[in-house]
Amino acid sequence: MKKALAFLAAALFAVAATADEGMWMPQQIPQLAPELQKMGIKFDPNKLADLTGDPLGAVISLGGCSASFVSPDGLVVTNHHCGFGALQYNSTPQRDLITNGFLAKTREEELPAGPGQRVFVTTKMEDVTNRVIGNLSPKLSDAEREKAIQRNGKLLVEECEKPGGVRCRVASFFEGAQWLRTTQMEIRDVRLVYAPPFGIGDFGGETDNWMWPRHTGDWSFLRAYVGKDGKPADYSKDNVPYHPQHILKVATSGVKPGDMVIVAGYPGRTFRYRTAAEVKSMKEFTYPTIIRYATDLNTILREQGKSNKTVEIANASRIKGNDNVLKNYQGTLSGFQKFGIIAQRQKREADLAAYIAAHPDAKKYAGVLDTMNALQQRIASTRQRDMVLTWMERSSPMFTQAMTIYRLSIERPKKDLDRRAGYQERDWPRLAEGTVRAQKSIEPASDRAGLRYFLVEASKLPADQRIMPLDAAVQKAGGVEPFLDQLYANTKIAELSQRKAMQSETTAQLAARHDAMLDLAAAITPLDLQIENRDEEIAGAMSRVRPLYFEALRTSSGRLLYPDANGTLRMTFGTVKGYAPRDGVYYTPLTTLNGILQKNTYSGEFDAPKNEIQAIESNKTAGYADPQLGTVAVNFLSTVDTTGGNSGSPTLNANGELCGLLFDGTYESLGNDFIVDPEITRSIQVDSMYMLWVMDAVDGAHNLLQEMGITPKF
């Protein structure tokens with residue numbers, strides 16, 4: 001263990017040639033201070049290592065997106081697409097907030113963001129490596145080792161959450177060499193405050209998604225509420241706004257090319273230390289299959305909602321999510337080719353093999369890669385079946401609910417530490433909230449149409465990867481259509497009251513219902529458990545070798561190897577800068593209101609609100625226009641290193657002021673989850689000046705401007 005900690009210290013203290021690449025842990029910031037000072041930071045960079053200080057104390061997670069506090073009364077700013085679920089939850093055909101937007105002029109008008117919506121405020125990160133893996137016996141089998149790691153993590157979480165009001169997590173860093181426990185205040189009463197109309201918040205739609213030049217107003221505002229005692233509480237009209245210790249000041253002047261910017265947030269996953277074999281499987285199977293499934297499922301969902309507004313609203317969130325994944329993965333596939341990602345990994349591994357052969361003290365790394373490749377092959381052997389199973393649930397919110405309810409009935413009788421993560425007692429309130437929230441997305445005809453597609457996909461699986469219980473059920477019914485007829489005619493899963501009752505029932509009670517959807521879940525669950533057991537065994541084996549592989553890469557390269565993103569708080573640094581996507585073309589780093597006029601068609605994806613167009617045409621921009629641009633900046637590019645989960649991350653200028661919100665990457669950058677090319681990797685931010693201008697001159701959100709300390713000009 002001492003050797004492992006010494007290795008980590010070396011990784012933390014290595015100095016990078018440039019800070020543009022890397023999603024840095026707060027603990028690493030002091031070692032980057034000289035580089036950040038060269039880049040032009042105008043406050044003490046060591047402040048960025050303080051989780052509870054200024055500015056990091058204002059940066060929060062929404063559990064999938066990032067956000068920040070911008071007023072003393074708990075006002076939260078994030079992306080429009082991060083607040084989309086709250087818009088959908090509160091929308092009806094008669095009150096379509098998705099299309100028309102929403103603005104609460106008073107606190108009383110603010111709407112519940114929906115069951116399960118959270119604000120997480122990180123308050124502590126601590127090293128728990130020794131308590132997770134420090135005392136594991138080498139005699140444990142791979143499966144036993146993984147169960148021991150999971151159990152140790154659960155014990156640490158249980159200990160951390162005992163006082164109440166917090167959510168804790170134990171996560172691995174540096175490919176499992178280090179484990180940190182994160183403590184977050186969990187605010188449960190979150191309300192929708194403001195979101196611009198869809199024609200601003202999603203201007204350009206899927207045509208412009210991941211593309212530059214961009215002109216999207218991707219922001220929305222929420223508010224965090226707590227009990228009168230200042231502690232987290234469930235929704236109540238008696239609750240009061242949360243008063244954060246730190247807030248971000250919103251910049252009232254825009255960025256310029258060459259300006260330094262800082263992004264703080266919660267990036268999801270990157271794969272920069274995956275092996276060539278793992279990356280090859282993603283390129284050849286995972287990404288193409290997901291692209292096909294997301295495309296086909298969205299075609300089905302759009303067709304279902306074509307002439308029915310209620311159905312359209314029910315399917316909106318799923319369509320939006322699938323579209324985002326679809327374009328991301330299409331761009332990533334292009335990145336595999338453009339960046340030569342597989343060839344790069346193969347070269348890295350060849351260089352590593354040569355290093356091991358030439359250095360006697362590196363012999364301990366010999367064979368590590370072979371072991372990892374063999375484990376990867378075990379996963380790949382059933383990848384078609386496993387993918388179909390995953391998408392069967394994704395295609396059908398009703399089946400998802402049935403699987404969750406049935407699995408909960410299996411886990412509930414166990415001791416809490418023996419329950420699977422996600423089904424422990426700490427998770428029961430969120431499962432109940434998910435049951436309620438799912439009602440807005442359950443639409444039986446769409447559900448059936450999506451599930452039908454994946455039943456057909458299951459019928460195409462090779463003989464050695466069949467989903468046997470599904471085959472038996474379909475055959476017994478006489479085919480896919482008769483099976484679906486019986487499934488949807490004999491289930492009450494679509495009824496919220498019935499699902500609520502089911503959640504507290506035993507496995508025997510669920511079986512006694514003879515509910516067709518629950519019976520299908522019961523038939524499929526043994527296979528799910530079999531896959532989970534296999535995956536645990538593989539994870540246990542990987543936990544022995546992945547840290548060694550990472551150590552070998554760091555030792556052989558002699559350069560800084562930051563940990564892959566894993567949903568924990570990170571920072572990335574860069575400059576406002578354009579790029580050349582192809583020969584003879586250069587993209588400038590800022591777009592303006594002029595581009596909205598050029599793109600606007602008053603229909604479809606480019607349908608800006610008429611009052612916005614009138615404000616632009618009448619040059620109603622005083623106080624917000626950039627003198628050099630002659631108009632208001634809309635979006636800007638920067639060289640910061642980001643990925644999914646960074647959506648909504650505050651972008652800070654050199655003074656630490658919020659100058660923008662990160663919401664996307666460029667299409668040419670997709671692939672940067674695997675490799676970073678500083679010449680072309682760019683992230684897209686909405687400029688704070690555009691946000692403020694729309695709030696003032698277009699939507700009249702003067703109450704919110706004043707709350708943020710900004711005097712309206714119109």
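The values are calculated or read from the model by the stated rules, or taken from the named source; none is laboratory data. Quick caveat: nothing in here was measured; it's all calculated off a predicted structure. We place every Cβ from the backbone using ideal geometry, glycine too, and count neighbours over all the protein chains shown.
Suppose we keep only residues that are surrounded by 15 or more Cβ atoms within 10 Å (Cβ to Cβ) and among the aliphatic types (A, V, I, L, M) within the stretch 456-471. Which one would you say is farthest from P526 (Cα to Cα)? Here the answer is L461. The C-beta contact set for the stretch 219-241 (first residue over 16 Å from Y194 (Cβ atoms), second residue surrounded by 12 or more Cβ atoms within 10 Å (Cβ to Cβ) and among the aromatic types (F, W, Y), distance under 7 angstrom, 6+ apart or interchain) comprises V226/Y242; N239/Y225; V240/Y225.
Conditions tested, residue by residue: (1) part of a helix (DSSP H, G or I); (2) among the aliphatic types (A, V, I, L, M); (3) out of contact with any His (no Cβ under 8 Å at 6 or more places or on another chain); (4) assigned by TED's automatic domain parsing to the domain that holds G623.
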residue: V676; (1), (2), (3), (4): no, yes, yes, yes
residue: E679; (1), (2), (3), (4): no, no, yes, yes
residue: Y690; (1), (2), (3), (4): yes, no, yes, yes
residue: F714; (1), (2), (3), (4): no, no, yes, no
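Within the stretch 296-318, residues that are under 15 Å from P444 (Cβ atoms) sit with their Cβ atoms under 8 Å from residues that are aromatic (F, W, Y) and in a helix (DSSP H, G or I), at 6+ positions apart or across chains, in these pairs: I300/Y453.
Among the residues of the stretch 591-620, those that are of a type outside the set (V, I, T), farther than 21 Å from M211 by Cβ and assigned to a helix (DSSP H, G or I) comprise K610, N611, Q614, A615, E617. Give the residue that is surrounded by the fewest Cβ atoms within 10 Å (Cβ to Cβ), with candidates limited to residues of the stretch 34-89 that are of a type in the set (S, T, Y) and touching a strand residue (DSSP E or B) at 6+ places or on another chain (Cβ under 7 Å). Once the filter is applied, the top-ranked residue is T52. Scanning the stretch 347-363 for residues that are assigned to a helix (DSSP H, G or I) and either surrounded by 12 or more Cβ atoms within 10 Å (Cβ to Cβ) or in contact with a strand residue (DSSP E or B) (Cβ under 6 Å, 6 or more places away or on another chain) (or both) gives K347, R348, E349, D351, L352, A353, Y355, I356, A362.
Rundown of residues vs (1) in the same structural domain as R420 (by TED's automatic domain parsing); (2) out of contact with any Lys or Arg (no Cβ under 9 Å at 6 or more places or on another chain); (3) free of Cβ contacts under 8 Å to residues at least 24 places away in the same chain; (4) closer than 30 Å to F84 by Cα, yes/no style:
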{"position": "K124", "(1), (2), (3), (4)": "no, no, no, yes"}
{"position": "V128", "(1), (2), (3), (4)": "no, no, no, no"}
{"position": "G134", "(1), (2), (3), (4)": "no, yes, no, no"}
{"position": "K139", "(1), (2), (3), (4)": "no, yes, yes, no"}
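If you go through the stretch 100-133, how many residues are surrounded by 14 or more Cβ atoms within 10 Å (Cβ to Cβ) and assigned to a helix (DSSP H, G or I)? Residues that pass the stated criteria total 6. Inspect the stretch 78-98 for any residue being among the small types (G, A, S), over 18 Å from A314 (Cα atoms) and either more than 18 Å from the chain's Cα centre (by Cα) or in a loop (DSSP other than H, G, I, E, B) (or both) and give the result as yes or no. Checked against the condition, which is being among the small types (G, A, S), over 18 Å from A314 (Cα atoms) and either more than 18 Å from the chain's Cα centre (by Cα) or in a loop (DSSP other than H, G, I, E, B) (or both), the stretch 78-98 yields no hits at all. Out of the residues in the stretch 12-28 meeting the condition of being crowded, with 20+ Cβ neighbours inside 10 Å and touching a helix residue (DSSP H, G or I) at 6+ places or on another chain (Cβ under 6 Å), tell me which one is modelled with the lowest pLDDT. Within the stretch 12-28, the match that is modelled with the lowest pLDDT is A19.
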